[in-house]
Amino acid sequence: MNLPFELLIGLRYTRAGRRGRRKDGFMSFISAISVSSIALGVMALIIVLSVMNGFQKEVRDRMLSVLSHVEVIHLTGAIPDWKDLARTIETDKHVLSCAPYVSGQGLLNSRGNLRGIALRGIDPSVEPTVSDVAKTLGESTLSTLRAGDFGIILGRDLARLLRVNVGDKITLIVAKGNTTPAGFVPRMKQMTVKGLFQSGHYEFDSTLVFAHIDDAAALFRTGGPTGIRIKLDDINLAPSVTQRLLMTLPADYYATDWTRQNRTWFAAVQVEKRMMAVILFLIVLVGSFGLVSTLVMTVTEKQSDIAILRTLGASPRSIMTIFVIQGCIVGLIGVLLGTGLGLAISCNLDVIVPAIEQLFGVQFLPREIYFISQMPSDPRASDIVPIAVVSFLASLLATLYPSWRAARTHPAQALRHE
């Protein structure tokens, strides 16, 4: 198959042409620098965005081990028949299970240590179907929550702050108190610590407390469950399922999902991710500017070749195509090399990071601070494909001016000093 002469010459210039010439060797070195710059930028973008995706996924999963995918809340008090409502909700094909709950706020007091807490009353028999924390606790721990015993399960950080352990007594103070001749008196109840949990998210581990749903209903005087926690087969469908529930539930019910409850945090992460992408993309632009320099130097070096091609009948468009092809080849090699290295490193961070930590005696993620033992990474095609395409387009744009300059070369002027 006969290839167009523009492609053949473009490939030849990319390989630095004739061997043994110092200028050709220097041009080959500059081309290698351009390829390396583009590859480095693409690789850095893929690795950083993959790590940010991994952190986001890790934090999200830890949040969802405690939070509900979707919650249905009764606005005026207890749900009259939560099982009947649950059967109605489970008609949605994406709903896996439902569990009732009672929620409220209070204070825990132990040996003078006072902490505000969020108390969640759960049904130990059905809570594991909607909660990952309940699964990690196990049925043996949840079974210790019996109606009338007023036992509680604390987050490990909260237990540490209150200086309590399993089996200790602790005083719970709730705002649903009594009015006496001396004024309003909050209700106080002595509770027994039945177990400890750890979700890995400090906000929950330092404030959340589990109790039996009947005990919580008695403490807050709700008369029964005030809401239903819903687990879905796909967490990304939570907003659409919530909208359907809002359209079908009575007016005195409200539905919300995990994306609304943590909207500010996820929005901040997305902004940070975009800013990091913009900053790191500057490395790709540096490589593109290097490509401009490479092509400009190539055009200057190949003035006589361009003049000979013009005298043989090559059009300005053909000359421009030659150098566009050369720049595209350099950009394509850089993008492919950067993408391959970025994916290789992103997919093996769990091996690479521990090796670096062991080699230099450092620890990037202290377990006592982050509760994460490995550097998380989540390469996504939605990030990698745009990175590769935009980087290649930037390289393509960088070839236009040098190629246009080459097309304007006049044969007579180029050969005047030859």
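Just so it is clear, none of the values below were taken in a lab; they were calculated from the coordinates. A quick note: this is a predicted structure, and the numbers were derived from the prediction, not measured. No Cβ is skipped: glycine too gets one built from the backbone with ideal geometry, and neighbour counts run over all protein chains shown.
Listing for the model above:
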item: Estimated dipole of the chain in Debye, rounded to 20 [Cβ of Lys and Arg +1, of Asp and Glu -1, Cα centre]; result: 1400
item: Quotient of C-alpha Rg and 2.2 N^0.38 Å, computed over the range 49-174; result: 1.23
item: Expected 222 nm ellipticity per residue - DSSP helices of 4 or more, -39500 (n - 2.57), all of the chain, to 500; result: -17500 deg cm²/dmol
item: Sequence-distant lysines (8 or more away, or on other chains) whose Cα lies within less than 18 Å of K302; result: K23
item: Coordinate range along principal axes, alpha carbons of the range 71-132, Å, largest first; result: 49, 29, 17
item: Relative contact order of the range 207-308, pairs being alpha-carbon contacts under 8 Å that are 6 or more residues apart, as %; result: 12
item: The chain - Debye-derived log10 I(q)/I(0), Cα point model, q = 0.06, 0.13, 0.14 Å⁻¹; result: -0.45, -1.09, -1.19
item: Reachable lysines from K231, criterion Cα separation under 18 angstrom, eight or more residues apart if same chain; result: K57, K83, K93, K135
item: Axial C-alpha extent at least 27 Å, average Kyte-Doolittle at least 1.0 - helices from the chain (DSSP); result: 263-301, 316-346
item: Antiparallel DSSP beta bridges within the chain, as percent of all bridges there, nearest 5; result: 80
item: Simple spin-label estimate for L96 and A268 in nanometres, 7 Å along Cα-Cβ; result: 2.9
item: The chain: relative contact order as a whole-number percent, Cα under 8 Å and 6+ apart; result: 28
item: Contour excess over end-to-end distance, with Cα ends at K169 and A344 and 0.36 nm allotted per residue; result: 57.7 nm
item: Coarse-grained scattering of the range 257-337 at q = 0.17, 0.24, 0.26 Å⁻¹, given as base-10 log I(q)/I(0) from a Debye sum over alpha-carbon atoms; result: -0.80, -1.10, -1.18
item: Magnitude of the charge dipole, the range 286-367, Cβ model with Lys/Arg +1 and Asp/Glu -1, debye to 20; result: 280
item: Along principal axes, Cα extents of the range 147-277, largest first, whole Å; result: 57, 39, 31
